[in-house]
Amino acid sequence: MMRAARLHAVNEPMRIEEIAKPRACGTDVVVEVKACGMVPNLANVLNNWENWYPHQPLPPKPATFGLDPAGIVHEVGEQVVALKPGDRVYVNPLRSCGACHACASGNQMKCDYFTFAGYFGFNRNSLEIYKRYPGGGFAQFMRAPQSAIVKIPDNMTFPQAARMGYLGTSYSALKKLGNLAGKSLIINGATGTLGVGATMFALAMGISTIYAVARGKPLLEKLKCLAPNRIEIFSSLDGKVADWVRSKHHSGADLMLDSLGAVADVNAMRDAMMGVKRGGTIVNIGGTGADMLFNTKWWMDNSMVLTGSAWLSTAEGIEIAELVRSGAVDLSVLEARTYPLDQINEAINGVASGDGGFTNYVLEP
């Protein structure tokens, strides 16, 4: 048996319960969870998701949530060859069918069965995935396919690894922008969890100039300290983002990454988009949940690329682990606030209060 935090109904606190410990078989592994990241949007998902996005199902209740787990391999199935008990790992919560063209080519995010274990699914197909992998990381142990496992280096702590999903979301999106060396980049929502990660990786990937946009000036100043000569900062409370960017470079920025959250004003994204130069690329990872109106002829005439990016592949997780191992990316500037399993409901409320992207909230089962 093991202890797990489970949700029995939306708008109710989670309950700590004793349930059966999973067993490994086939190509699955069981991981002893040492840390699991608390999603900044978790309170909204637990309280509002079924009303906001009924087409994106939550796991059947009672459900064990927990999106970003890290820990130690406890047991491996008889078909597992590259992992062994004792390995320090991150568990990518991305689940997919494993057999379609998208999965076979390493693009599991494009699979029709794309699902977040321990969080929510992207369509009704996710209910089939939840039958096979029902549990997330808010438990002492969890089961996952070996294809979801990323070995982490000794210089990455478990609380740091429990942020891998959000770091990886930013990293995967930056790769979709192409070669960053010598380019300029608007990061909209730069001081949030996704924005801080994007800043760190963009710097490591050779970006020349970051135009960091957010509301709060103290966090913007802290962000600028990461690379004072390469980061320009602007509070969106002080005027139009596009006007500010073009005052720095009349043609605009080469690229843009939007990481504004689900309840943000979509017009703030549109404003920043207008600061991107002709032929630029815009990637959205924040998930602002509203329709946007903009002139589609502008999009055509200026040869703009606008794309979305959701999560990271396991391969990209392996790349991040190597960037951290080598010292190319230093995670020591981030702070983790940890909670024991018994305080999960307090932790969820703490995340909902918000404290900027330098801090992540972690459950330690």
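Annotations
- Some residue of the stretch 316-324 being part of a strand (DSSP E or B), crowded, with 20+ Cβ neighbours inside 10 Å and at pLDDT 95 or above: no
- Screening the candidates Ile187, Ile233, Ile210 for the property of being hydrophobic (A, V, I, L, M, F, W, C), at pLDDT 95 or above, closer than 30 Å to Trp52 by Cβ and in a strand (DSSP E or B) yields one hit, Ile187.
- Odd one out for Tyr166, checked against (1) buried (at least 21 other Cβ atoms within 10 Å of the Cβ); (2) at pLDDT 95 or above: (2)
- Qualifying residue in the stretch 24-40 (condition: at pLDDT below 95, hydrophobic (A, V, I, L, M, F, W, C) and under 18 Å from the mean Cα position of the chain (by Cα)): yes
- Counted residues, the stretch 325-349 - those being open to solvent by less than 50 Å² (accessible area, probe 1.4 Å), under 29 Å from Met269 (Cα atoms) and not in a helix (DSSP H, G or I): 3
- Selection count where residues are acidic (Asp, Glu) and open to solvent by 20 Å² or more (accessible area, probe 1.4 Å), scope the stretch 80-125: 1
- Across the stretch 257-267, not a single residue is classified as within 20 Å of Leu203 (Cβ to Cβ) and either open to solvent by 40 Å² or more (accessible area, probe 1.4 Å) or more than 20 Å from the chain's Cα centre (by Cα) (or both).
- Residue within the stretch 271-279 that is part of a loop (DSSP other than H, G, I, E, B), closer than 30 Å to Val45 by Cα and open to solvent by less than 50 Å² (accessible area, probe 1.4 Å) present: no
- Test: residue in the stretch 154-173 that is farther than 21 Å from Leu312 by Cα, hydrophobic (A, V, I, L, M, F, W, C) and in contact (Cβ under 8 Å) with a residue 40 or more places away in the chain: no
- Residues of the stretch 68-113 that are in contact (Cβ under 8 Å) with a residue 40 or more places away in the chain and part of a loop (DSSP other than H, G, I, E, B): Gly77, Glu78, Gln79, Val80, Ala82, Leu83, Asp87, Asn92, Pro93, Gly98, Gly106, Asn107.
- Residues satisfying the stated conditions in the stretch 220-239, i.e. crowded, with 19+ Cβ neighbours inside 10 Å and out of contact with any helix residue (DSSP H, G or I) (no Cβ under 7 Å at 6 or more places or on another chain): Leu220
- Within the stretch 15-38, the residues that satisfy the criterion of being open to solvent by 10 Å² or more (accessible area, probe 1.4 Å) and either part of a loop (DSSP other than H, G, I, E, B) or β-branched (Val, Ile, Thr) (or both) are Ile16, Ile19, Ala20, Lys21, Pro22, Arg23, Ala24, Cys25, Gly26, Thr27.
- Residues of the stretch 190-207 that are closer than 17 Å to Leu334 by Cβ, among the small types (Gly, Ala, Ser) and at pLDDT 95 or above: Ala190, Gly195, Gly197, Ala198, Ala202, Ala204.
- For the stretch 146-163, the set of residues classified as among the β-branched types (Val, Ile, Thr) and open to solvent by less than 10 Å² (accessible area, probe 1.4 Å) consists of Val150 only.
- Within this structure, Tyr133 fails the test of being under 30 Å from Asp342 (Cβ atoms), within 15 Å of the chain's Cα centre (by Cα) and open to solvent by less than 50 Å² (accessible area, probe 1.4 Å).
- Residues that are assigned to a helix (DSSP H, G or I) and surrounded by fewer than 18 Cβ atoms within 10 Å (Cβ to Cβ), drawn from the stretch 280-315: Thr296, Lys297, Trp298, Trp299, Met300, Asp301, Ala315
- Residue that is nearest to Thr307 (Cα to Cα), among those in the stretch 170-179 that are in a helix (DSSP H, G or I) and open to solvent by 10 Å² or more (accessible area, probe 1.4 Å): Lys176
The values are calculated or read from the model by the stated rules, or taken from the named source; none is laboratory data. Model, not experiment: these values are computed from the prediction. We place every Cβ from the backbone using ideal geometry, glycine too, and count neighbours over all the protein chains shown. For accessibility, only protein heavy atoms count, side chains too; no ligands or nucleic acids. Shrake-Rupley method; radii C 1.70, N 1.55, O 1.52, S 1.80 Å.
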